[in-house]
1. Let me check I have the definition right: for the range 89-171, take the eigenvalues of the Cα gyration tensor, multiply each by 5, take square roots. What are those semi-axes in whole Å, largest first?
2. Is it possible to state the helix-based mean residue ellipticity at 222 nm for the chain, with each DSSP H run of 4+ residues giving -39500 (n - 2.57), the sum divided by total residues, to the nearest 500 deg cm²/dmol? What is it?
3. So for the chain, averaging the separation of alpha carbon pairs under 8 Å that are six or more residues apart and normalising by length, what relative contact order in percent results?
4. When only alpha-carbon atoms are used, what values of Rg and Dmax, in angstrom, describe the chain?
5. Using only the Cα atoms, what convex hull volume per residue in Å³ does the range 55-102 have?
6. Just add up the charged neighbours of Thr71: K/R +1, D/E -1, any other residue whose Cβ is under 15 Å from the Cβ of Thr71.
7. Could you pull out every one of the lysines with an alpha carbon less than 25 Å from that of Lys80, ignoring same-chain neighbours closer than 8 positions?
8. Just to confirm the filter: which GluC sites (Glu not before Pro) across the range 129-209 are DSSP coil and have at most 13 other Cβ within 10 angstrom of their Cβ?
Amino acid sequence: MAALRREYTARGLRKAGLEADPIQQFARWFHEAVDAEFADANSMSLATATTDGTPFVRTVLLKAFDERGFTFFTNYESAKGRQLAENPRAALLFFWAELERQVCIRGRVTKTSREESEAYFKSRPPGSRRGAWVSRQSEVVANRGVLEQRLDEISKQYGDDVPLPPYWGGFCVAPSEMEFWQGRPNRLHDRMLYTRQPDGSWQISRLAP
Ligand SMILES: Cc1cc2nc3c(=O)[nH]c(=O)nc-3n(C[C@H](O)[C@H](O)[C@H](O)COP(=O)(O)O)c2cc1C
């Protein structure tokens, strides 16, 4: 493991070259990651915590972002859904290794409107929509057969016309802080932190690597 290291030399990050709005800065980096055709450029780590402070982390897919925040979709009754109901704060992390870039986002979380969840759900292929009915996400299952049997039942019940389950939808993380990390030589990486101010503007600070 000690030998697994590399120098980050490709790019740099200067305050003067940053967008004033971190969502615009994210858009730039995200589109570069997409253009580079990375597998799952929109995958991100989502960290949540219970009220007693136990942290949990898992991967989800970013499905939308705009000035309101970063949206992913899931089962509201899953572990993450229950954690967000009791403690509606989350951290997101993107790591695009080939670009030597990381973005860390922290903020408050709200559910998307039923209409937004509906619109996204309808865009999913029927198999994925059936899966949302089959899986009581994060609960223990006796064996795989249980899931397959339930899939058969759901397929018979709905065919390809699968409605949005009442317990399924989006969460939107409204950022209060966003940090952009660019790898640099000698571990002197660039870290730029945007912090949201009470008037809605963003302050940018350089952090020590
Ligand atoms: C690449 C990848 C993408 C994923 N995308 C999602 C997603 O968008 N929504 C989701 O609920 N789970 C997604 N998962 C599964 C989650 O990582 C996790 O196993 C599941 O949501 C249950 O998490 P929880 O028990 O902490 O609630 C994804 C997993 C991987 C590896």
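Laboratory data are not the source of any read-out in this text; all were calculated from the coordinates shown. Computed from a predicted structure; not experimentally measured. All Cβ positions, glycine included, derive from the backbone under ideal geometry; neighbour counts span all protein chains shown.
1. On the way: eigenvalues 179, 62, 38 Å².
In descending order, the three semi-axes are 30, 18, 14 Å.
2. On the way: 5 runs with 56 residues, N = 209.
When only DSSP H runs of four or more count, the value is -8000 deg cm²/dmol.
3. Numbers: 354 pairs, mean separation 52.7, N = 209.
It comes to 25 percent, rounded to a whole number.
4. That works out to 19.6, 60 Å for Rg and Dmax.
5. Details: hull volume 5.1 nm³, N = 48.
Given the Cα convex hull of the range 55-102, per-residue volume reads 105 Å³.
6. Working: positive: Lys63, Arg68, Lys80, Arg108, Lys111, Arg114, Arg124; negative: Asp66, Glu67, Glu115, Glu116, Glu118.
That sum, taken over residues with Cβ under 15 Å, equals +2.
7. Cα-Cα hits under 25 Å: Lys63, Lys111, Lys122.
8. Numbers: sites: Glu139, Glu148, Glu153, Glu177, Glu179; in loops: Glu139.
Of the GluC sites (Glu not before Pro), the ones in loops of the range 129-209 whose Cβ has at most 13 other Cβ atoms within 10 Å are Glu139.
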